[in-house]
1. Multiplying the sequence separation of E16 and E398 by 0.36 nm and subtracting their Cα-Cα distance, what value in nm do you get?
2. Seen from all sides and averaged, what is the projected area of the convex hull of the Cα atoms in the chain, in nm²?
3. Could you order S147, S394 so the one with the most accessible surface comes first? Probe is 1.4 Å.
4. Using the alpha-carbon centroid of each, what span in Å lies between segment 195-226 and segment 266-290?
5. Using the Karplus curve 6.51 cos²θ - 1.76 cosθ + 1.60 with θ = phi - 60°, work out ³J(HN,Hα) for each residue of segment 178-190 in order, rounded to whole Hz, and write x for Gly and Pro.
6. Please report the carbon-and-sulfur percent of the accessible area for segment 259-308; probe 1.4 Å, protein heavy atoms only, DNA, RNA and ligands left out.
7. Out of the DSSP beta bridges found with both residues in the chain, what percent are antiparallel (nearest 5)?
8. Could you tell me the accessible area of K132 in Å² (1.4 Å probe, neighbours in place), rounded to the nearest ten?
Amino acid sequence: MSTQVHSTFSEETVREISSDLGEPEWLLETRLEALDSLSDIDMPDVIRTPGRDWTNLDALDYESFVDPLAADEEKERIEPEGVSVLSMADALDEHEDLVKEYFGSVIEPQENYLTALSTALFTTGTLIYVPKGVDAEDVKIRTTMQSQSLFNYTLVVTEESSSVTILERQDSEERSGERYYSGLVEIVAGENSHVQYGSLQDLDEETYNYTLKRGNTADYATLNWVEGNLGSRLTKSSVETNLDGEGSETKTVGAFFGHDDQHFDIAARVWHNTAHTTADLVTRGVLDDEARSVYEGVQDVGTEAWDTSSYQRENTLMLSDGSEADASPKLIINNHDTEASHSATVGQIDKEDLFYMTSRGVPDQLAKDMLVEGFFVPVLDEVEVEELRDDLDSGIVERLGH
């Protein structure tokens with residue numbers, strides 16, 4: 001079933017966005033093709049567990065809270081020496097050939113309704129370009145949404161034998177009414193390059209959030225992700241890696257903490273497409289009050305992926321009887337020369353651990369808080385970016401305080 005196209009998503013709107021940003025004709029045509037496709041393509045696949053679809057994206061009234069012409073934000077970019085960290089307008093002025101080559105090369109603009117909508121309507125974006133042999137740390141981007149809707153796009157391109165550490169944050173100024181934030185991230189990791197990309201989402205809890213982050217690796221490249229989700233009313237997020245190059249590897253570390261009636265639909269996916277590739281997916285989440293989460297982890301080992309190592313672990317801790325969680329780890333193995341495993345658990349705080357602490361004089365609430373903080377330690381220990389690790393830890397402590 002195709003999705004209804006709303007009258008506010010018009011060719012005039014797209015042309016006005018593109019004109020305001022001074023874009024070349026090829027990018028306008030890409031936008032218009034994405035717009036034209038909206039009547040023929042479906043919403044992203046949602047995670048399904050037996051007897052239940054956890055997330056209904058079709059139920060959202062996009063027309064009521066998506067207004068791309070009123071987009072407003074505060075954007076902060078920190079650019080270390082030797083690296084280009086540019087707005088899309090500046091990137092098109094300085095590196096148009098690079099943007100044209102890689103824009104939409106990792107995420108097909110018409111992959112689903114929400115990627116097409118983002119491609120047609122994005123008003124803010126960043127190019128991070130790391131030339132050959134450059135080692136860069138502390139690339140930082142902070143986006144604060146100040147409008148009812150915002151479409152954000154990030155493109156990362158690293159050349160041979162380069163390295164970069166990126167920290168991207170999303171938050172919002174509180175305002176009344178439902179809101180929508182969309183973020184697409186494409187990473188092209190060149191041969192023997194090393195990319196660490198960390199994201200911390202702390203949008204206000206009236207915001208619906210759709211994010212898709214995907215990267216492709218060349219030979220011997222490393223692409224590591226850290227995904228932290230604390231905010232939003234509903235988040236549908238997927239972090240994905242195509243291990244296209246021989247000897248390439250990836251690690252995805254995820255953490256989320258939901259309360260009130262927050263809803264998290266979280267996915268981590270990796271495709272082993274060639275030989276000698278390695279993946280490690282680690283996610284931990286906590287739910288309180290009436291929050292809900294569903295997780296899907298996919299490890300897909302292709303027929304040419306000889307000598308593959310692929311591991312996955314997901315654990316969700318529920319602090320209340322009203323919270324709900326499910327997990328769906330999947331292994332798809334098409335090559336026998338593979339070492340792979342997956343595990344997932346959903347459960348309450350261990351009563352014996354709680355009893356042990358309270359029987360030794362620790363107050364009940366403090367004991368619970370300490371157990372939650374301890375639950376996140378294995379994930380936080382995997383986060384190599386100290387600033388992001390500290391921010392995640394602070395967010396967890398603040399949530400416990402509430």
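The values are calculated or read from the model by the stated rules, or taken from the named source; none is laboratory data. Treat the numbers as computed from the prediction; the structure is a model and nothing was measured. Positions of Cβ are generated from backbone atoms using ideal geometry, with glycine treated the same way; all protein chains shown enter the neighbour counts. Surface areas here come from the heavy atoms of the whole protein model, side chains and all, with no ligands, DNA or RNA. Shrake-Rupley method; radii C 1.70, N 1.55, O 1.52, S 1.80 Å.
1. 133.4 nm
2. 19.7 nm²
3. The ordering from most to least exposed comes out as S394, S147.
4. Using only Cα atoms, the two centres lie 12 Å from each other.
5. 6, 9, 9, 10, 10, x, 10, 10, 10, 10, 10, 9, x
6. Carbon and sulfur together cover 40 percent of it.
7. Counting DSSP beta bridges with both partners in the chain, the antiparallel share is about 10 percent.
8. Taking all protein chains as shown, K132 has close to 130 Å².
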